[in-house]
Amino acid sequence: MKELSIRAISGAIYVLLLIGSLYMQNALTALLVVFGILSLVEFSKLIHLRSYAQYIIFAIFFGVFWYLCLWNKDLMGSDEAIQILLVITIFVNLILIKDLFTTKKIPIFDSKSFIVTTFYLTSGFIFMLLIANYQNVFTPLLLLGVFILIWVNDSAAYLVGKNFGKQKLFPSISPKKTVEGFLGGLFFACISSYFISLYTETLGFTSWLILAIIVSVLGTLGDLIESKFKRQAGVKDSGVIMPGHGGLLDRLDSIIFVAPFVYLFLRILSYVS
């Protein structure tokens, strides 16, 4: 009971910090910076990266895209820079998906650490910022909607898997995940997309439904990829900053991986609408 209470309190603080920051653009930006650096610290320990270069890269990349997004939206080449970052990030994430299914050990883990810290983790936080400021307008409810989809998916997957799960989803990486849990998370995320569309008044139901599928499928893959990194490092959690939950990276692994794909969908949506 004590452990459950600790888990609930630390989880509530995390959610309140996030939701509270959504009321002010600068507060959300600051929170993403803090979360990004803490996640980078945890991830650097996972991949045994003893360097400060990844933090310098994070500061430069985040600072540049923050400037383009918030302060110089019409600067020539700004949109092209975002597109280039998007293409590289999705390419690296697709490689991580491939390595999840085809190799026993993620090769980038050994030889190309700065690629993964930059275009997997740092880019994830940049695209969270871009989602919250999509089309040069501060629309934090878009980002909140994505977080809600992830929370619903994770919670439903856990509850359905615990009570009805029989067939393992990926036993070599995450023995507790089940196919039934994954389908349960997908189902309830799709249901929640209707209410998100209703109360956020950001996108239509069809768009949020597609986002629910994207978030459920790719969020699960993002969670599995981080689990593989942890397995390679020989640890259970990425850190201890959130009592009862593990590390901050354990809470943000899905959104970090999903954010660039969500942003890509939003761009496609803007072109076809």
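For segment 172-180, state whether one or more residues are out of contact with any Gly (no Cβ under 6 Å at 6 or more places or on another chain), more than 15 Å from D250 (Cβ to Cβ) and among the β-branched types (V, I, T). For segment 172-180, residues out of contact with any Gly (no Cβ under 6 Å at 6 or more places or on another chain), more than 15 Å from D250 (Cβ to Cβ) and among the β-branched types (V, I, T): present.
Against the condition of a type outside the set (D, E, K, R), closer than 18 Å to S39 by Cβ and either touching a residue at least 24 places away in the same chain (Cβ under 8 Å) or surrounded by fewer than 15 Cβ atoms within 10 Å (Cβ to Cβ) (or both), how does I196 come out, does it pass? Taking the combined requirement at face value, the residue does not satisfy it. If only residues of segment 101-116 that are assigned to a helix (DSSP H, G or I) and among the hydrophobic types (A, V, I, L, M, F, W, C) are counted, the one that is modelled with the lowest pLDDT is F109. Within segment 127-170, restricting attention to residues that are assigned to a helix (DSSP H, G or I) and among the small types (G, A, S), the residue that is surrounded by the most Cβ atoms within 10 Å (Cβ to Cβ) is A157. Being free of Cβ contacts under 8 Å to residues at least 24 places away in the same chain, on the phi < 0 side of the Ramachandran plot, part of a helix (DSSP H, G or I) and crowded, with 16+ Cβ neighbours inside 10 Å is the requirement here; does E180 meet it? Criteria met by E180. Could you tell me whether any residue of segment 216-230 is under 18 Å from F119 (Cβ atoms), touching a strand residue (DSSP E or B) at 6+ places or on another chain (Cβ under 9 Å) and touching a residue at least 12 places away in the same chain (Cβ under 8 Å)? Within segment 216-230, one or more residues are under 18 Å from F119 (Cβ atoms), touching a strand residue (DSSP E or B) at 6+ places or on another chain (Cβ under 9 Å) and touching a residue at least 12 places away in the same chain (Cβ under 8 Å). The set of residues in segment 52-84 being closer than 25 Å to G239 by Cβ and at pLDDT below 85 is empty.
For segment 109-155, the candidate set comprises residues that are without any contact (Cβ under 8 Å) to a residue 40 or more places away in the chain and small (G, A, S); within that set, the residue that is nearest to V179 (Cα to Cα) is S155. In segment 12-34, the qualifying residues are those that are surrounded by 15 or more Cβ atoms within 10 Å (Cβ to Cβ), under 16 Å from the mean Cα position of the chain (by Cα) and not polar (S, T, N, Q), and the one that is modelled with the lowest pLDDT is Y14.
Taken over segment 183-193, the residue count meeting the criterion of being out of contact with any Phe, Trp or Tyr (no Cβ under 8 Å at 6 or more places or on another chain) and either in contact (Cβ under 8 Å) with a residue 40 or more places away in the chain or of a type in the set (D, E, K, R) (or both) is 2. Can you name every residue in segment 145-197 that is of a type in the set (K, R) and under 20 Å from the mean Cα position of the chain (by Cα)? The one that is of a type in the set (K, R) and under 20 Å from the mean Cα position of the chain (by Cα): K177.
The condition (being at pLDDT 95 or above and farther than 30 Å from Y23 by Cβ) is satisfied by just one residue among F229, F187: F187.
The values are calculated or read from the model by the stated rules, or taken from the named source; none is laboratory data. Everything quoted here is computed from the prediction, not taken from an experiment. All Cβ positions, glycine included, derive from the backbone under ideal geometry; neighbour counts span all protein chains shown.
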